[in-house]
Amino acid sequence: MDVIRTIREMQAWSKERKREGKTIGIVPTMGCLHEGHLSLIDAARVHGADCVVVTIFVNPIQFAPNEDFVSYPRDFERDSALCAGKNVDAVFAPPVQEMYPAPVTCFVSERKLSKGLCAKTRPTHFDGVTTVVAKLFNAVLPDVAVFGQKDAQQARVLQRMVRDLNFPIRMVIAPIVREADGLAKSSRNRYLSETERRNTLVLSRSLKEAAGLVAGGETDLRKIVASIQEKIAAAGGKVDYVETVDAEELEPVEVKSDKPVMIALAAYFGNTRLIDNIIL
Ligand code: AMP
């Protein structure tokens, strides 16, 4: 497995693979890898990638000044061992200085899907994500890119970027990988105390219960939202948002029809902000 630190070397590596007739899959991550990330490597292969490049880069411009950029967990040795164990072909892990040698004055900005949900409390986050992913695409030159449904809004925003800016890349959204008890796997779960960790079960559980109610004929999504909010508060969580939206366009939906609806939520347990979602 190759470990690549510069954009120029990454591009040369990918061009060489393409000359050999191979297709390249990219799995962008911020490291601190877990089974959720590793499932994306498998998905890249299933969707036709001959070579898989995992990128590990904690992207400063997607964090607000009050967020956890500095304390975000980093463990490159462990991450690269996990990638090697999955037969990843290359890890691209550029230093911040390589990605942002000068103050950034050019951003990629999506203007619709990136406005609601998480953007209400993280208004600059998605510009940071689209900008870094565009830069990673230009470094890795992938044919296939895999993202997780765990970060559903991010996945929709990036799909839209690829569509609207004509990146010649096939986008794959892989399902959420959960802990045995239902909590969506996340690098941030390690911030939780034992009690907080127990309390977070309310997230996946209340989403599942909501799905059950809708499957049983409930069409009033405002009731569903209210009941999830109550359950999270009762479990000691602080709701950031619980919303029902069109699963593709992310527009608010209040009455369930035949179209797929996503219930998306974010909540704090202590200082840790967790997100989860389910598609109905
Ligand atoms: P992150 O390192 O948190 O930026 O995540 C990198 C990629 O892994 C993103 O596409 C995430 O959506 C995806 N991912 C993170 N957690 C999970 C999970 N539990 N299941 C599936 N994909 C995930």
Take the range 266-280 and flag every residue that is over 14 Å from the mean Cα position of the chain (by Cα) and crowded, with 22+ Cβ neighbours inside 10 Å. 267, 269
For the range 27-58, which residues satisfy the criterion of being open to solvent by less than 20 Å² (accessible area, probe 1.4 Å) and farther than 22 Å from residue 184 by Cα? 49, 51, 52, 53
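This table checks each residue for (1) under 13 Å from residue 36 (Cα atoms); (2) away from the ligand (no atom under 14 Å from the Cβ).
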| site | (1), (2) |
| --- | --- |
| 136 | no, no |
| 140 | no, yes |
| 146 | yes, no |
| 149 | yes, no |
| 155 | no, no |
| 159 | no, no |
Return the total of residues in the range 175-204 being assigned to a helix (DSSP H, G or I) and within 16 Å of the ligand (Cβ to nearest atom). 9
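Matching residues to (1) at pLDDT below 95; (2) within 16 Å of the ligand (Cβ to nearest atom):
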| site | (1), (2) |
| --- | --- |
| 24 | no, no |
| 46 | no, yes |
| 83 | no, yes |
| 91 | no, yes |
| 102 | yes, no |
| 107 | no, no |
Residue ranges of helices (runs of 4 or more DSSP H) in the range 60-152 with at least 1 members open to solvent by 10 Å² or more (accessible area, probe 1.4 Å), among the small types (Gly, Ala, Ser) and free of Cβ contacts under 8 Å to residues at least 12 places away in the same chain: 76-85
With (1) away from the ligand (no atom under 13 Å from the Cβ); (2) under 19 Å from residue 41 (Cβ atoms) as the list, and residue 172 as the residue in question, which single condition is left unmet? (1)
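The values are calculated or read from the model by the stated rules, or taken from the named source; none is laboratory data. Everything numeric here is computed off the predicted structure, so don't read it as measured data. Cβ coordinates were reconstructed from backbone atoms using ideal geometry, including for glycine residues, and neighbour counts include every protein chain displayed. Remember, those area values only see protein heavy atoms, side chains included, never the ligands or the DNA or RNA. Shrake-Rupley method; radii C 1.70, N 1.55, O 1.52, S 1.80 Å.
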